[in-house]
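A short write-up of the structure that comes next.
The values are calculated or read from the model by the stated rules, or taken from the named source; none is laboratory data. Keep in mind it's a predicted model, so treat the numbers as computed, not measured. Don't worry about glycine lacking a Cβ; one is built from the backbone with ideal geometry, like all the others, and counts go over all protein chains shown.
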Amino acid sequence: MTLRDLDHYERRAVHDIRAWAAGDRGRLDGVARTLGMASGRVNKPVEWLVDRVMDDPKVGEALRAALERANESLSRYMAATTPVEPAAAAYGLDHVDDIADLHLRTIDAQLASLRRSHRNVFLAMGAAEGAAGFAGTPAAVAAFVASIPAMQAASLRAVSDVSRHTGFDPNDFAERQFVAEVALRSMELGGRGTEDTVHRLVGLGEQIATRQTLDQLQQYAIVGALRDRAQKMGIALTKRRAAAMLPVVGAAVGAGFNAVHADRLLGGASVLFRARHLSRRHGLDLSDLIGPMEPAA
């Protein structure tokens, strides 16, 4: 089968997947710029504040403790067993593998519900963080840092949920690796730089589809690399959160920051797993599905 043989709904989906993978910014891009999350870096006008806050001993101590907890959480996730029966049951099926035969339209209905549910979790977390009235002080940043392990855990749960509901079993080590990579690269998605990150993840997805079972030593090496990436994510989250703590204040700031994070995480996960589903169902190359944009059918 070729891309031309896909039905209208699937061809439209491929167009949307390519648009997102090419960095086509969504409605939250303006919010991302305001909160210092655009283009994968902190905005220049508040960079001096970020550097000053990050150098504070309170922030450093809180960050070290948070990263240690985040790494422990990541290690637990990589060793955990995830129930897949609820995902199959959501479609009236007995086995998660049977989801591979479903039309993308059916899967999209489930993914829309999942995105709303997980986005609400992130918004609630952000509102709770902002309710105290952050103002960019070291104590306020340190308070946010304490929530990083919870944000990482919520990110892993969200991507794992998308994985299960598109018919991929996150109990397989390689699939857990892919889920973790998507979750930990979420801040690289949704704007400039998206295309490079998506293609790196596509390469990993193609590798996972063909490689043999890894031995224990190889698995340890992969978990070690993921722990390093988790630390970088925690530091980047802290810097961007410090940049977001402008004199404007409160729940709106916290919820806005988390809304951008949720949009990038869930958008990226949906794009990648929808493409992987089409690739598996129709025997298409994953890289072709994420290729250059073409006019919509």
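Filter the range 247-297 down to the residues that are assigned to a loop (DSSP other than H, G, I, E, B) and among the charged types (D, E, K, R), then identify the one that is modelled with the lowest pLDDT. Checked the range 247-297; the qualifying residue modelled with the lowest pLDDT is GLU294.
Between VAL179, VAL159, the distinction of being crowded, with 20+ Cβ neighbours inside 10 Å, touching a Ser or Thr at 6+ places or on another chain (Cβ under 6 Å) and at pLDDT 75 or above belongs to VAL179 only.
Selection over the range 39-79 of residues that are modelled with pLDDT of 70 or more and either of a type in the set (Gly, Ala, Ser) or more than 20 Å from ALA146 (Cα to Cα) (or both) gives a count of 9. Among the residues making up the range 63-98, those that are small (Gly, Ala, Ser) and either under 19 Å from ALA183 (Cα atoms) or in a helix (DSSP H, G or I) (or both) are ALA65, ALA66, ALA70, SER73, SER75, ALA79, ALA80, ALA87, ALA88, ALA89, ALA90.
When residues in the range 1-38 are screened for being within 18 Å of ARG281 (Cα to Cα), hydroxyl-bearing (Ser, Thr, Tyr) and modelled with pLDDT under 85, 0 of them pass.
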